[in-house]
Amino acid sequence: MSTHEKNIILLLAFIITASSYGQVIYEKFKSIKLDQTRELKIQLPRNYKKNEDKIYPLIIVLDGDYLFEPVVGNVDYISYGRTCLNQL
């Protein structure tokens with residue numbers, strides 16, 4: 001297999017993997033108490049665009065700088081292939 005073919009396969013694998021995860025949205029808001037602008041990181045579930053009317057559980061990660069990705073990864077792993085879990 002040539003290098004060009006390997007690069008194409010790697011690119012396709014990356015695109016497929018990236019498209020299977022939920023979408024991340026960043027929202028800024030003004031904190032009156034802190035008198036600063038803060039940024040929220042919002043992770044939407046897989047297939048959210050296909051079913052925007054579905055009600056999903058809300059999980060708030062207070063230490064998002066360090067724990068956001070591990071929490072998102074755990075929730076994604078637990079709920080993979082299932083509908084909304086009552087435990088969440």
Taking every other residue with Cβ under 9 Å from the Cβ of residue 37 and scoring Lys and Arg +1, Asp and Glu -1, one gets +2
At residue 77 and residue 39, where each label point lies 7 Å from the Cα along Cα→Cβ, what is the point-to-point distance in nanometres? 2.7 nm
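Please give the per residue accessible area of segment 22-81, computed with a probe of 1.4 Å over protein heavy atoms only, in Å².
The answer is 89 Å² per residue.
The values are calculated or read from the model by the stated rules, or taken from the named source; none is laboratory data. Being a predicted model, the structure only gives us computed values, none of them experimental. Cβ coordinates were reconstructed from backbone atoms using ideal geometry, including for glycine residues, and neighbour counts include every protein chain displayed. To get the accessible areas, we keep the full protein, side chains included, count just its heavy atoms, and leave off ligands, DNA and RNA. Shrake-Rupley method; radii C 1.70, N 1.55, O 1.52, S 1.80 Å.
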